[in-house]
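Notes for the one structure printed next.
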Amino acid sequence: MKAGIITIGLLIISNVFMTAAWYGNLKLKEMHISTDWPLILVILASWGIALLEYFFMIPANNIGSRINGGPFSLMQLKIIQEAISITVFTIISVTVFNSETLQWNHIVAFALIIGAVFFAFLK
């Protein structure tokens with residue numbers, strides 16, 4: 001139980017960094033901070049943030065994996081990670097990006113992803 005909670009916590013932190021690495025440059029452009037940055041600088045900045053993601057993702061997978069005595073199979077770990085990823089992305093996109101709104105079809109898509117988590121844990 002403890003390893004599962006630690007794994008999920010690390011995955012949440014990891015996905016915050018991942019979302020910042022992938023989409024943060026768009027927010028900087030929206031704020032007119034990085035409009036003159038060359039693409040290579042945007043890529044390097046994103047890689048730096050993504051490196052922080054790995055400091056949480058790799059331990060999460062190691063702690064959570066049954067291979068190392070954790071509670072989750074590899075399939076379960078991946079599906080949990082994807083569900084966390086879409087959750088974190090949704091929260092960040094609707095709170096940080098002013099142009100994004102959550103619509104009914106997004107909620108249905110999210111429910112289907114949660115359904116995938118449910119099915120991944122069926123015996």
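The values are calculated or read from the model by the stated rules, or taken from the named source; none is laboratory data. All of these numbers come straight from a predicted model, not from anything done at the bench. Glycine gets a Cβ as well: all are built from the backbone with ideal geometry, and neighbour counts include every protein chain shown. These area figures cover heavy atoms from the full protein model, side chains too; ligands, DNA and RNA do not enter into them. Shrake-Rupley method; radii C 1.70, N 1.55, O 1.52, S 1.80 Å.
Some notes on this structure:
- Excluding same-chain neighbours fewer than eight residues apart, the lysines reachable from Lys123 by a Cα-Cα span under 22 Å are Lys2, Lys78.
- Identified option (computed Kirkwood radius over Cα pairs in Å; candidates [x] 14.3; [y] 18.3; [z] 15.8): [z]
- Carbon plus sulfur fraction of accessible area for the chain, probe 1.4 Å, in percent: 75
- Gaussian network model of the chain, Cα within-10 Å springs - most flexible of Ser14, Ser99, Ser46: Ser99
- The sum of -39500 (n - 2.57) across all DSSP H runs of n ≥ 4, divided by the residue count of the chain, sets its helix-only mean residue ellipticity at 222 nm to -27000 deg cm²/dmol.
- Pairwise label distance in nanometres, Glu100 with Ile12, each label 7 Å out on the Cα-Cβ vector: 1.8
- Met1-Asp36 FRET efficiency (beta carbon distance; Förster radius 35 Å; 0.05 resolution): 0.10
- Between segment 80-123 and segment 1-79, the Cα center-to-center distance that results, in Å: 16
- Rounded, prolate or oblate (a/c below 1.5 giving rounded, otherwise prolate when a/b exceeds b/c) for segment 81-123 by Cα gyration tensor: oblate
- Accessible area of the chain divided out per residue, in Å², using a probe of 1.4 angstrom: 66
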